[in-house]
Amino acid sequence: MQTVAVPDDRDGQRLDNFLAGRLKGAPRSLVYRICRTGEVRVNGRRAKPDQRLAAGDAVRIPPVRLAEKSDAGPPPDAQLNRIEAAIVHEDRDFLVIDKPAGIASHGGSGVSFGAIELLRAARPRDTLELAHRLDRDTSGILVLTRKRSALTALQAAIREGRVEKRYLALIEGALPKSRLTVDAPLRKSVLQGGERMVRVDPDGKPSRSHFSEIERYPGASLVEVALETGRTHQIRVHAQHLGHPLAGDEKYGDREFNKAMRELGLRRLFLHAARFEFSLGERSYSFSAPLAPELAVVLDTLQGRGAARSTAR
């Protein structure tokens, strides 16, 4: 057992990220488990993985036994080339990618190389950190930082609601009105197998999403979703709560709707992080990514069906 004082440059960091940095090679599932069982203590008290640490906090870390990993070797060149091609912006503080669907933000849970591991392999001289995360099945803007100062500043902006995040999603049916807000608290749980599930719960964390209709198709609608909070699976669960689940959502979606969308060529979750904007001091940043090609094809097909119906009438 060891007790570690949180250094000044880690002030504001989440507990799970702090532990991941101390326990090199530990899978996230292990980090979450030792927090859940109370083996990790902050200033003598139990703490949740998402607790923010303050400089000087005393973190008790239990001894952990890490299974010897078979050396997976360096990432395949094809993966490195793919992640390099996804870079849309880089400067002294930030590196931004248009993350393809199917690539996790970070490794773990059977994933050898997430976006962060691939980029660290591609840019070994950089000190890269994830400023936020996207689900594995979500494409679009993912921001990484090159400096600790940039990371803490951006994460503070996210916590304080000074970051604008907009997503494009295809939902079942049509919203009751063109613009509406879902203000429904969300509670996260981890199932026995380690799978994360989220549900609307009065005792959950405050969560707010703004839905705006962009275009309506037969049986579906393209919407833009602006987030005020960034909870796990927030858009997916809020859409389900509205009664208009996302296309291709195998966890929270509608089976028949997903089947109909597969027949139109949809092979993934229809959720794309289209825009990420913020200001730090006097400098403003705006990163955007066009809809992923495989999703644009589905919209073209839906558009064609709508036009065919209109002609038939």
Percent accessible area from carbon and sulfur atoms, the chain, protein chains only, probe 1.4 Å: 46
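Can you run the Rg to Rh ratio on the range 159-313? Use alpha carbon positions and the Kirkwood inverse-distance Rh.
1.00
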Cα-based Rg of the range 123-163 normalised by 2.2 N^0.38 Å, two decimals: 1.26
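Hey, which of these cross-link pairs are over 23 Å Cα-Cα: 165/205; 165/188; 147/205; 205/251; 48/188; 48/205?
Values: 165/205 19 Å; 165/188 21 Å; 147/205 30 Å; 205/251 20 Å; 48/188 12 Å; 48/205 13 Å.
From 165/205; 165/188; 147/205; 205/251; 48/188; 48/205, over 23 Å: 147/205.
Under the definition of Cα pairs under 8 Å and six or more residues apart, what whole-number percent is the relative contact order of the chain? Could you put the intermediate results ahead of the total?
Working: 593 pairs, mean separation 42.5, N = 313.
Relative CO of the chain lands at 14 percent.
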Packing-based order for 35-43, 139-147, 175-183, using average beta carbon neighbours within 10 Å, highest first: 139-147, 35-43, 175-183
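Can you order the peptides 278-290, 240-252 by their average number of other Cβ atoms within 10 Å per residue, highest first?
On the way: 278-290: 13.5, 240-252: 20.4.
The packing order, highest mean first, is 240-252, 278-290.
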Whole-Hz ³J(HN,Hα) from phi, Karplus 6.51 cos²θ - 1.76 cosθ + 1.60, for the range 79-89, glycine and proline x: 5, 5, 5, 5, 6, 5, 5, 7, 5, 10, 6
Ratio of the Cα radius of gyration of the range 1-106 to 2.2 N^0.38 Å, where N counts its residues: 1.31
Per-selection Rg to Rh, the range 54-169 - Cα, Kirkwood hydrodynamic radius: 1.00
Sum of -39500 (n - 2.57) over DSSP H runs of 4+, divided by residues of the chain (222 nm, nearest 500): -8000 deg cm²/dmol
Under the Debye formula (equal points on every Cα, no solvent term), log10 I(q)/I(0) of the chain at q = 0.14 Å⁻¹: -1.21
Under the Debye formula (equal points on every Cα, no solvent term), log10 I(q)/I(0) of the range 233-313 at q = 0.16, 0.25 Å⁻¹: -0.76, -1.17
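Accessible area per residue of the range 116-161 at 1.4 Å probe, in Å²?
Numbers: 1990 Å² over 46 residues.
Ligands and nucleic acids excluded, the result is 43 Å² per residue.
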Among 124, 149, 63 the positive-end extreme of the charge dipole of the range 24-157 (Cβ point charges): 63
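The values are calculated or read from the model by the stated rules, or taken from the named source; none is laboratory data. None of the values given here were measured: they were computed from a predicted structure. With ideal geometry, Cβ positions are generated from the backbone for all residues, glycine too; neighbour counts draw on all protein chains shown. Remember, those area values only see protein heavy atoms, side chains included, never the ligands or the DNA or RNA. Shrake-Rupley method; radii C 1.70, N 1.55, O 1.52, S 1.80 Å.
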